[in-house]
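**Q** A single structure is presented below for examination.
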Amino acid sequence: MDLFNESTDWEKALRPLITKYKGKQHPLHYHNLYQLMVMVVLSAQDSDAHINKIAPAFFEKFPDMKALAKANTAQLTELLSEVRFHGNKITWLQEIAEEIKEDKNIPKTMKELTALKGIGRKSANVIMREAGVEPEGILVDLHVLRVAPRLGIAKGKDATKIEKQLMEKLPKDMWGEIGMAISFLGRETCRPTNPKHSECIVSNVCEYCLLHNK
Ligand code: SF4
């Protein structure tokens, strides 16, 4: 059943999410772009809360890209052994540091960021948003992957395809903020089980709500 895809004015419908969440602190507690880059690599298939916990000790020892580039595998393993898939992530961080060398060289375009090991479109979109540069895509994390199809703005389970549909339906001036805003909605309201429809500020346009009579 395709209730809204053609008729809904998604730009108008989803602007309230941007108003609500714009400026809200990112769930990863970073203090600069170097820290964010390291933390997005580490947080893949781990939790933001866990990475926030181990980050202070890591950054005390490796405060910038220069220091990271000099780190050996044993030193990194000592601090990151509890991170899921830390072996691969350590290799990626070493390759990134070797390539970038200094914080000032951290790239800010989709092409350059996704050319780095361990950085996909999702991470690149997060880094570009936090760097304040013009967006080239829309952040699609696990929450957006769940919420966008519930809303009816996108179909499927593939992040790249969901991102493409969001980009087709929303104007570019919304790209930088809307991914994180939908993600926050997913974290706070549109939970995997028992979504809080009655508290949801976009329930009036939500396909899931209409179909399930919520
Ligand atoms: S109305 Fe319910 S299903 Fe739709 S986005 Fe809001 S919480 Fe999620």
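What follows is calculated from the coordinates using simple rules that are stated; it is not laboratory data. No experiment lies behind these values; they were computed from the predicted model shown. Backbone-built Cβ (ideal geometry, glycine too); neighbour counts: all protein chains shown.
**Q** Please determine, by comparing only the residues of the stretch 199-208 that are of a type in the set (Val, Ile, Thr) and under 18 Å from ALA154 (Cβ atoms), which one is nearest to the ligand (Cβ to nearest atom).
**A** VAL202
**Q** From LEU139, LEU151, grab the single residue that is more than 15 Å from VAL40 (Cβ to Cβ) and either surrounded by 19 or more Cβ atoms within 10 Å (Cβ to Cβ) or out of contact with any Phe, Trp or Tyr (no Cβ under 7 Å at 6 or more places or on another chain) (or both).
**A** LEU151
**Q** Out of all the residues in the stretch 184-198, is one or more in contact (Cβ under 8 Å) with a residue 60 or more places away in the chain, within 16 Å of the ligand (Cβ to nearest atom) and out of contact with any Lys or Arg (no Cβ under 7 Å at 6 or more places or on another chain)?
**A** For the stretch 184-198, residues in contact (Cβ under 8 Å) with a residue 60 or more places away in the chain, within 16 Å of the ligand (Cβ to nearest atom) and out of contact with any Lys or Arg (no Cβ under 7 Å at 6 or more places or on another chain): present.
**Q** Of the residues that make up the stretch 43-56, is at least one crowded, with 17+ Cβ neighbours inside 10 Å, in contact (Cβ under 8 Å) with a residue 12 or more places away in the chain and within 21 Å of TRP175 (Cα to Cα)?
**A** Checked against the condition, which is being crowded, with 17+ Cβ neighbours inside 10 Å, in contact (Cβ under 8 Å) with a residue 12 or more places away in the chain and within 21 Å of TRP175 (Cα to Cα), the stretch 43-56 yields no hits at all.
**Q** Out of all the residues in the stretch 205-214, which are part of a helix (DSSP H, G or I) and without any contact (Cβ under 8 Å) to a residue 60 or more places away in the chain?
**A** TYR208, CYS209
**Q** Could you please give the count of residues in the stretch 86-119 that are free of Cβ contacts under 8 Å to residues at least 40 places away in the same chain and within 18 Å of the chain's Cα centre (by Cα)?
**A** Here the count works out to 11.
**Q** On the given criteria, is LEU211 closer than 15 Å to ALA13 by Cα, within 16 Å of the ligand (Cβ to nearest atom) and of a type outside the set (Gly, Ala, Ser)?
**A** The answer is no for LEU211.
**Q** Would you confirm whether or not the stretch 163-180 contains a residue that is closer than 22 Å to SER7 by Cβ, near the ligand (Cβ under 9 Å from one of its atoms), surrounded by fewer than 21 Cβ atoms within 10 Å (Cβ to Cβ) and in contact (Cβ under 8 Å) with a residue 12 or more places away in the chain?
**A** No, the stretch 163-180 contains no residue that is closer than 22 Å to SER7 by Cβ, near the ligand (Cβ under 9 Å from one of its atoms), surrounded by fewer than 21 Cβ atoms within 10 Å (Cβ to Cβ) and in contact (Cβ under 8 Å) with a residue 12 or more places away in the chain.
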